[in-house]
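The values are calculated or read from the model by the stated rules, or taken from the named source; none is laboratory data. What you are looking at is a predicted structure, and each value in this text was computed from that prediction instead of being measured. Cβ sites come from the backbone with ideal geometry, for glycine too, and all protein chains shown count toward neighbours. The protein model used for the area step is the full one, side chains on, heavy atoms only, and it has no ligands, DNA or RNA in it. Shrake-Rupley method; radii C 1.70, N 1.55, O 1.52, S 1.80 Å.
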Amino acid sequence: MATASITGNVVNVDVEGTTPLRLGMSLQRHSYRHCANSASGALNSLLHSEVDDATIIAEAVEVGEQIEGLLLKSGGKWASLFGKTLTVGSRRTYLVDNSALNPNGSPNHFFVTGGDGVWAKIPQADYVAARDVRRVEEAITTRQTRKDKYDYLDPKQFAAKQAETGGGDNPVVLAVVAARVSIALASRDDKALIAVSGRKDIVDLIRNR
């Protein structure tokens with residue numbers, strides 16, 4: 001029986017049987033909730049913000065169980081797993097490969113590629129914009145946990161905070177300023193960005209609307 005857990009920013013699935021394997025998926029690269037500290041690739045994918053860690057773990061187990069079944073059918077030979085797309089109960093799809101992209105190497109990596117609640121094949125500039133939206137969200141949350149009740153999401157109040165002496169060093173202001181640079185390089189249509197983040201209010205603030 002496959003098991004899965006999250007350690008740091010990676011969800012690992014352990015496949016049991018005669019050919020035990022461990023496969024990992026970077027949550028920084030493939031989950032909006034975890035992407036704030038991630039670097040981007042040429043093409044990327046992100047699970048939407050509503051896909052929580054418990055769901056990610058459950059789907060990793062489903063991936064692992066399907067891999068166990070495939071290994072059983074192949075007599076324990078894992079070569080056929082490389083590049084295999086597996087569909088879980090949510091209808092999301094996951095691709096199995098090797099982190100070195102070596103088709104002769106043992107499968108040790110999987111990642112989400114499509115389905116409901118997934119932004120797939122994200123261009124690099126759009127991924128960076130999503131990452132920076134998450135950074136703004138986290139900056140506001142951190143301030144709120146420190147009892148800061150300022151309404152950063154109100155454009156006028158944000159501008160006033162930015163204009164204050166020392167306002168430019170405020171973590172939320174710094175995050176928004178950085179996000180305005182990245183979003184200017186991203187797609188002009190914000191539908192996918194709003195869908196993945198669930199934060200139209202933050203996207204509007206960054207766009208200065």
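Observations on the structure shown:
- Count of the stretch 124-153 residues, restricted to those that are open to solvent by 60 Å² or more (accessible area, probe 1.4 Å), within 18 Å of Asp189 (Cα to Cα) and not polar (S, T, N, Q), is 0.
- Residue, surrounded by the most Cβ atoms within 10 Å (Cβ to Cβ), within the stretch 64-105, restricted to residues that are aliphatic (A, V, I, L, M) and within 20 Å of Lys121 (Cβ to Cβ): Val96
- Scan of the stretch 52-70 for residues that are aliphatic (A, V, I, L, M) and touching a strand residue (DSSP E or B) at 6+ places or on another chain (Cβ under 7 Å), ordered by number: Ile56, Ile57, Ala60, Val61, Val63, Ile67
- Flag if Lys73 is among the basic types (Lys, Arg) and free of Cβ contacts under 8 Å to residues at least 12 places away in the same chain: yes
- Neighbours by Cβ (under 7 Å, 6+ apart or cross-chain): first from the stretch 190-209, over 15 Å from Val172 (Cβ atoms); second open to solvent by 50 Å² or more (accessible area, probe 1.4 Å) and at pLDDT 95 or above: Ile194/Lys200; Gly198/Glu50
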